[in-house]
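The values are calculated or read from the model by the stated rules, or taken from the named source; none is laboratory data. Being a predicted model, the structure only gives us computed values, none of them experimental. For neighbour counting, all protein chains shown are included, and Cβ atoms are generated from backbone atoms with ideal geometry for every residue, glycine included.
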Amino acid sequence: MGTLPKEEFSTFTSYAISCFNKFGIQDQKLTESEINGYEQKYTHKQDQLIFCWTFRALLSQVIESLILLDRCLFLIEHNLKVKLFPIFDPYESPRNMVLVASKN
């Protein structure tokens, strides 16, 4: 999604409309009352969303590391020399590693 101005997060409706505009969905078929209706309809699911988002955040680095390890092992099994290097600050993105493989 990227970034939006802070005032766009004051209500769900203003956030949704800003997202539509940012993605170039100018021919918006949802009215403000329909957006509010969706918000009210799914508010009771907010705790589930928070749980899933937190669980994802906790496991993302572990899963990313396992994927890199799997790729390295695959290349090593095929007689390649493998090195992993960080290419930028991991706070910018968890996908900050480059895998370099060369023939022995």
| remark: Sole miss for Glu32 among (1) charged (D, E, K, R); (2) modelled with pLDDT under 80; (3) surrounded by 13 or more Cβ atoms within 10 Å (Cβ to Cβ) is condition (2)
| query | Within the stretch 42-50, is there a residue that is surrounded by 14 or more Cβ atoms within 10 Å (Cβ to Cβ), under 24 Å from Ser93 (Cβ atoms), under 21 Å from the mean Cα position of the chain (by Cα) and at pLDDT 85 or above? | reply | no
| message | Within the stretch 56-64, does at least one residue satisfy the condition of being in a helix (DSSP H, G or I), small (Gly, Ala, Ser) and surrounded by fewer than 13 Cβ atoms within 10 Å (Cβ to Cβ)? | response | yes
| field | Residue that is touching an Asp or Glu at 6+ places or on another chain (Cβ under 8 Å) and touching a residue at least 12 places away in the same chain (Cβ under 8 Å), where the choices are Ser60, Ser18, Ser102 | value | Ser18
